[in-house]
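Each remark here refers to the structure printed beneath this line.
The values are calculated or read from the model by the stated rules, or taken from the named source; none is laboratory data. The structure displayed is predicted, hence computed values, not measured ones. Cβ placement follows ideal geometry from the backbone for every residue including glycine, while neighbour counts extend to all protein chains displayed. Accessible surface is based on the protein model in full, side chains and every heavy atom, while ligands, DNA and RNA are left aside. Shrake-Rupley method; radii C 1.70, N 1.55, O 1.52, S 1.80 Å.
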Amino acid sequence: ANVIFTNSYLNSLKPGNYNVTFVFEKGKEVNKTLTIIAQDPPIVDKMTLDVEDDVKAGVGEEVLVPVTLSNFKGIDPIENYEFTVKYDSSKVEFVGVEGAGLTAAYGKLFQVKDQTAGSVKIQYLTEKDKQAISADGVICNLKFKAKSEGKAKVDLTGVTLSYFNSTT
């Protein structure tokens, strides 16, 4: 005989041991211990989002700066994410964000929020499972226009990842 516990039922239980009694025939009971183990959240402490740090452009030219996800170890795919881009607004102007690599076909899913000189929040909001991210690779390109000569630092902060079964 098969006994099936639904995910919603198992998720409702706190970690620990539970005694479960199965009755298959009248008068014949089978006692088993069901152990619920808390699922570790997806491993994100080793996962990184990086911006390419050696992209060159002449003054007045637009340049694409790839954002790369490395060391993905999540159990569940990344459904949505957001991060804030900090940049030197005296050297570059933020133009936009494009799907690339893992999100190349889903550029319309990006949103630009809270844009100020030197800072912009980027969001990626999926609509379907197939748009989720479950591997290493380029997740978007940031588009900048060079305003003056010199090196412009670009950093990512405030990274939030949402998984199909949890949020980290």
Matching residues, the range 110-130, being loosely packed, with under 13 Cβ neighbours inside 10 Å and on the phi < 0 side of the Ramachandran plot: Gln111, Lys113, Gln115, Thr116, Ala117, Glu127, Lys128, Asp129, Lys130
So Ile133, is it within 11 Å of the chain's Cα centre (by Cα), crowded, with 17+ Cβ neighbours inside 10 Å and over 30 Å from Ser12 (Cβ atoms): no
The range 68-91 residues that are on the phi > 0 side of the Ramachandran plot, paired with ones that are open to solvent by less than 40 Å² (accessible area, probe 1.4 Å) and part of a loop (DSSP other than H, G, I, E, B) (beta carbon under 9 Å, 6 or more apart): Asn71/Met47
Counted residues, the range 93-126 - those being of a type in the set (Val, Ile, Thr) and either closer than 16 Å to Leu69 by Cα or in contact (Cβ under 8 Å) with a residue 60 or more places away in the chain (or both): 3
The range 150-168 residues that are outside any strand (DSSP E or B), paired with ones that are modelled with pLDDT of 85 or more and not basic (Lys, Arg) (beta carbon under 6 Å, 6 or more apart): Ala152/Asp88; Ala152/Val92; Lys153/Asp88
Subset of the range 75-104 [more than 16 Å from Val51 (Cα to Cα) and either hydroxyl-bearing (Ser, Thr, Tyr) or assigned to a helix (DSSP H, G or I) (or both)]: Ser89, Ser90, Ala104
Test for Gly150: is it within 15 Å of the chain's Cα centre (by Cα) and open to solvent by 50 Å² or more (accessible area, probe 1.4 Å): no
Which numbered condition Ile37 fails, given (1) β-branched (Val, Ile, Thr); (2) modelled with pLDDT under 80; (3) open to solvent by less than 80 Å² (accessible area, probe 1.4 Å): (3)
Single match in Leu69, Leu64, Leu49 (criterion: under 21 Å from Ala135 (Cα atoms), at pLDDT 85 or above and surrounded by 13 or more Cβ atoms within 10 Å (Cβ to Cβ)): Leu69
Among (1) in a strand (DSSP E or B); (2) in contact with an Asp or Glu (Cβ under 6 Å, 6 or more places away or on another chain); (3) surrounded by fewer than 19 Cβ atoms within 10 Å (Cβ to Cβ) - the single one Gly107 does not satisfy: (1)
Test: residue in the range 89-104 that is open to solvent by 50 Å² or more (accessible area, probe 1.4 Å) and touching a Phe, Trp or Tyr at 6+ places or on another chain (Cβ under 7 Å): yes
